[in-house]
Amino acid sequence: MQHGPAVRRRKLGAELRALRSRAGLTSGQAARLVGWHQSKVSRIETGTSSTKPADVRLLLDAYGVDDSQLRELMLALAGSVEGDGREHWWHAYRGVLPPTYRDFISLESQASAMRTLETTVVPGLLQTPAYARAVTRAAVEGLDEDRLDTLVEVRLARQDVLRARPPLEMDAVLDEAVLRREVGGPEVMAQQLERLVEAARLPQVRLQVLPFSAGAHIGVTGPFVIFSFSSTSDLDVVVLDHLTSSLYLERKEDLQAYTEAFNALRAHALSPGDSLDYLAATGDGA
């Protein structure tokens, strides 16, 4: 279990090590191909040192990796500002966003799919501006208006992943408490429920409501997100949010446990169709 920047380095290193092995090279041979000392290759593969995108590019070339999507993902994990632009826009907010949040956005930007359980608030990717503002104001005390505006701006910019080509595939299970908790007042909540109905009709978004009638469930321990990457499952990661930090779980045992938990939650939740009807009815009554 590592904090954001560390998990990204470790995942990058693990994938580079696998690619080197697939190319039939030892770490020493790889180092000679790119003109480095063997220890540098080892430090990169173990995630003990940060890696420049240019160095990753050299290794990918040496290993004969020509899969453009995989190359882009590796470079993004190294902090590249190249590619389609989705992975670098938040660099302009370095002075505002903590490292763990920037790392979360980086993973979100490069993931092909996400599965999320939300127990208290609407997922950030589906929030309206007014709802995002109300949630941010409540979550971070003492914010001045300029900083609040910036954080809401970041929240809304993140939503571009749902409109990208291809878009992020999103599976979300929302506890009924998310829909019943009035955030920002009746008007803000009514608009937010309308937004959820619109989102539930998108082909890349699958929303399911977990009603109170389902009783106690495995999700009562708190919300979580599972990011998946189309190039390789070795980069999949679970993210747990806490008040002052985020935790990243990358072990296969953790991924399996949270995947099974999410599948169980989906089984107990209303179907996507019934959830859409429920959302619409709840919005009409708001």
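The values are calculated or read from the model by the stated rules, or taken from the named source; none is laboratory data. Note that the structure is predicted; figures quoted are calculated from it, not measured. Note that we place each Cβ from the backbone using ideal geometry, even for glycine, and neighbour counts take in every protein chain shown. Surface areas here come from the heavy atoms of the whole protein model, side chains and all, with no ligands, DNA or RNA. Shrake-Rupley method; radii C 1.70, N 1.55, O 1.52, S 1.80 Å.
List of remarks:
- Under the simplified labelling scheme, the L202-R181 pair shows an inter-label distance of 2.1 nm, with each label point 7 Å from Cα along Cα→Cβ.
- Charge-dipole axis of the chain as Lys and Arg at +1 and Asp and Glu at -1 on Cβ define it, positive-most pick from Y258, T46, P123: T46
- Global form of the stretch 181-280, assessed from the alpha-carbon gyration tensor, a/c cut-off 1.5: prolate
- Residue-normalised accessible area of the chain, given per residue in Å² at a 1.4 Å probe: 48
- Label point distance in nm, T221-S68, each placed 7 Å from Cα along Cα→Cβ: 4.2
- Label zone at S112 (point 7 Å along Cα-to-Cβ), backbone N below 11 Å, the stretch 51-73: 69-70
- Spin-label model, A280 to D241: label points 7 Å out along the Cα-to-beta-carbon direction sit 2.9 nm apart.
- Cut-off 12 Å between beta-carbons: net charge of the residues surrounding T116, Lys and Arg +1, Asp and Glu -1: -3
- Under the convention that each Lys and Arg Cβ holds +1 and each Asp and Glu Cβ holds -1, the size of the dipole of the stretch 129-265 around its Cα centre is about 300 debye.
- Here the Kirkwood formula puts the hydrodynamic radius of the stretch 120-177 at 12.5 Å, using every distinct Cα pair.
- Rounded percent of accessible protein surface that carbon and sulfur make up, the stretch 96-284, 1.4 Å probe: 52
- Gyration tensor (alpha-carbon) shape descriptor, the stretch 4-78, a/c threshold 1.5: oblate
- A straight chain from T48 to W36 at 0.36 nm per residue would run longer than the Cα-Cα distance by 2.7 nm.
- When the convex hull of its Cα atoms is projected in every direction, mean area for the chain (nm²): 15.4
- Area of H268 that stays accessible when all protein chains are in place (1.4 Å probe, Å², to 10): 120
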